[in-house]
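Scroll down for the structure; my scribbles are underneath it.
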Number of protein chains: 2
Amino acid sequence: MTLALDTAAQDLLFREAHTANAFTDEPVSDEQVQAIYDLIKYGPTAFNEQPLRIVLVRTPEGRERLVKHMAEGNRAKTAAAPLVAVLAADNEFHHELPRLLPSFPQAKDLFFSERPVREASAQLNGALQAAYFIIGVRAAGLAAGPMTGFDAEGLNKEFFGDGEHSVLAVVNIGKPGDGAFYPRSPRLEYDEVVTTV
Amino acid sequence: MTLALDTAAQDLLFREAHTANAFTDEPVSDEQVQAIYDLIKYGPTAFNEQPLRIVLVRTPEGRERLVKHMAEGNRAKTAAAPLVAVLAADNEFHHELPRLLPSFPQAKDLFFSERPVREASAQLNGALQAAYFIIGVRAAGLAAGPMTGFDAEGLNKEFFGDGEHSVLAVVNIGKPGDGAFYPRSPRLEYDEVVTTV
C-alpha cells in the first residue's frame with residue numbers, strides 16, 4: 001500500500017466510480033455545485049490561467065437548446081439528467097491574467113498576445129480543469145456522465161455567442177439510477193503506458 | 001459540508017496541495033509510479049481511449065535529453081527533481097480501441113479514421129488523463145510540478161521519434177524541499193466561472 005490517500009477516497013474518486021448513463025430524480029443543488037467548484041478551483045493550471053467556464057443547464061428552455069446539439073445517442077440521457085454542465089474553455093482568458101498571476105503580470109503580453117497560442121493553452125488547461133471537475137462531482141458523492149459526442153460549433157454558438165469560447169465536454173450529473181453503469185472496460189497495462197529512459 | 005470526500009483527502013488532493021518547484025533528494029520509486037497509475041487508470045476517457053503515454057526520465061542521459069528542450073526558467077528544477085515524467089498523447093490510440101472498447105469495436109473505423117479527429121480527441125483526453133496523473137501524484141503523498149514551458153516539437157522528436165505522439169506536459173515529482181512553494185495565487189470566484197440557463 002504505497003498511496004497516502006485513504007482507500008475510501010480512492011474508491012469514491014477512481015476505483016468504484018463509473019461514468020453514469022442514467023440517474024434518479026434527486027436534484028443537484030447550486031450549493032452542491034458551489035462546493036465542487038470551491039474544491040476543484042485549486043487544481044493547477046499553467047500561469048494559473050483557469051480558462052474553464054461552466055454553464056449549468058437548469059431550465060426546460062436551456063435543456064432544449066442543449067439537447068438538439070448532442071449526438072443522437074446522448075440525447076435521451078442528457079434530456080433526463082438532474083443537472084447538466086457544459087464545460088468550455090475561455091480562449092480570451094488572458095484578460096484576467098494580471099489579476100490571477102500577480103507575481104508575473106507581464107505574462108499576458110509576453111506569452112498570450114496571439115490567439116492561436118491562447119487557444120492551445122486554453123484547450124489544454126481547460127481540459128485539465130474539466131478532469132478536476134469530474135473528480136469534484138465524484139467528491140460530492142454524485143456520478144458524472146461526461147460526453148464529447150455533440151456538435152461543438154453548434155454548442156459554442158448556442159451558449160457562447162461571442163466566438164471566444166470552445167466547448168470541451170458536456171457532463172450529466174446526479175445520483176446513479178437503474179442501469180446507470182456499463183461494465184468496466186479494460187484499462188491499458190502499466191507497461192503499455194509507461195516507459196523509462 | 002456538502003462533499004462526500006473526507007476533509008483529509010480534500011486537503012491532500014486540492015486544498016493543501018501546491019505545485020512544487022524544489023524537492024528533497026528522496027527518490028521516487030517505480031513502485032510508487034505503478035501505484036499512481038493503478039489508481040488513475042480508472043479515470044474516464046471518451047470511448048475509453050486512454051491516449052496518455054508516460055516517459056519516466058531516470059538516467060543522467062535521459063535527463064540531459066529532456067532538460068535541453070525545457071524553457072530556461074524550468075531547466076534547473078527539472079534537472080534536480082527526483083523524478084520527471086513526460087506526459088504525451090498517442091495520436092494513434094485507435095489501434096488499441098477494439099480491445100479497449102469491446103462493446104463497440106466499430107468505433108475505431110466509424111469515428112477515428114481521420115488523423116485530425118484522432119489528434120483532437122487524443123489532445124483532450126490525454127489532458128484529462130494528465131490531470132488524473134497530477135491528482136494521483138498527490139494521492140501518493142508526493143508533490144507535482146507540472147510544466148508546459150518547453151519546445152514541444154523538440155520533445156516530441158526527442159522522446160517519440162515516430163511522429164505519432166504530442167507531449168502535453170512535463171511533471172517534476174518528489175517530496176517538496178526548501179522553498180518548494182510560491183504563495184497561492186488567486187482563484188476565480190464561482191460567479192465568474194459558472195452561469196445558469
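Quick notes
- Within the stretch A:60-88, the set of residues being open to solvent by 20 Å² or more (accessible area, probe 1.4 Å) and of a type in the set (A, V, I, L, M) comprises A:V67, A:A71, A:A76, A:A79, A:A80.
- Counted residues, the stretch A:6-53 - those being under 18 Å from A:A80 (Cα atoms) and among the polar types (S, T, N, Q): 4
- Search result, residues across the stretch A:29-49 that are facing chain B (nearest Cβ under 7 Å), out of contact with any strand residue (DSSP E or B) (no Cβ under 7 Å at 6 or more places or on another chain) and either at pLDDT below 95 or open to solvent by less than 10 Å² (accessible area, probe 1.4 Å) (or both): A:L39, A:I40, A:G43
- For B:A4: the one exception among (1) of a type in the set (A, V, I, L, M); (2) under 13 Å from B:A143 (Cα atoms); (3) at the interface with chain A (Cβ under 7 Å from one of its Cβ atoms): (2)
- The set of residues in the stretch A:50-64 being assigned to a helix (DSSP H, G or I) and within 7 Å of another protein chain (Cβ to nearest Cβ) consists of A:G62 alone.
- Looking only at residues in the stretch B:31-46 that are in a helix (DSSP H, G or I) and without any contact (Cβ under 8 Å) to a residue 12 or more places away in the chain, the one that is nearest to A:R138 (Cα to Cα) is B:D38.
- Just one of the listed residues (A:R118, A:R187) is assigned to a loop (DSSP other than H, G, I, E, B), surrounded by 16 or more Cβ atoms within 10 Å (Cβ to Cβ) and not aliphatic (A, V, I, L, M), namely A:R187.
- Sub-6 Å Cβ pairs linking a first residue in the stretch B:182-197 that is more than 7 Å from chain A (Cβ to nearest Cβ) to a second residue that is of a type in the set (D, E, K, R), at least 6 apart or interchain, number zero.
- Subset of the stretch B:26-56 (residues that are under 22 Å from B:G177 (Cα atoms) and under 14 Å from the mean Cα position of the chain (by Cα)): B:V33, B:I36, B:L56
- Residue in the stretch B:129-155 that is farthest from the other protein chains (Cβ to nearest Cβ), counting only those that are open to solvent by 20 Å² or more (accessible area, probe 1.4 Å) and in a helix (DSSP H, G or I): B:E153
- Taking the criterion of being surrounded by 16 or more Cβ atoms within 10 Å (Cβ to Cβ) and in contact with a Pro (Cβ under 8 Å, 6 or more places away or on another chain), the residues of the stretch A:89-106 that qualify are A:A89, A:D90, A:N91, A:F93, A:L97, A:L100.
- Test: B:A85 is under 21 Å from B:L142 (Cα atoms), more than 8 Å from chain A (Cβ to nearest Cβ), touching a strand residue (DSSP E or B) at 6+ places or on another chain (Cβ under 9 Å) and not hydroxyl-bearing (S, T, Y): yes
- Exactly one residue out of A:L5, A:L52 is closer than 19 Å to B:R184 by Cβ, out of contact with any strand residue (DSSP E or B) (no Cβ under 6 Å at 6 or more places or on another chain), buried (at least 20 other Cβ atoms within 10 Å of the Cβ) and of a type outside the set (S, T, N, Q): that is A:L52.
The values are calculated or read from the model by the stated rules, or taken from the named source; none is laboratory data. These figures come from a predicted structure and were not determined experimentally. In this analysis, Cβ positions are derived from the backbone assuming ideal geometry, glycine residues included, and neighbour counts consider all displayed protein chains. Note: areas computed on protein heavy atoms with side chains; ligands, DNA, RNA excluded. Shrake-Rupley method; radii C 1.70, N 1.55, O 1.52, S 1.80 Å.
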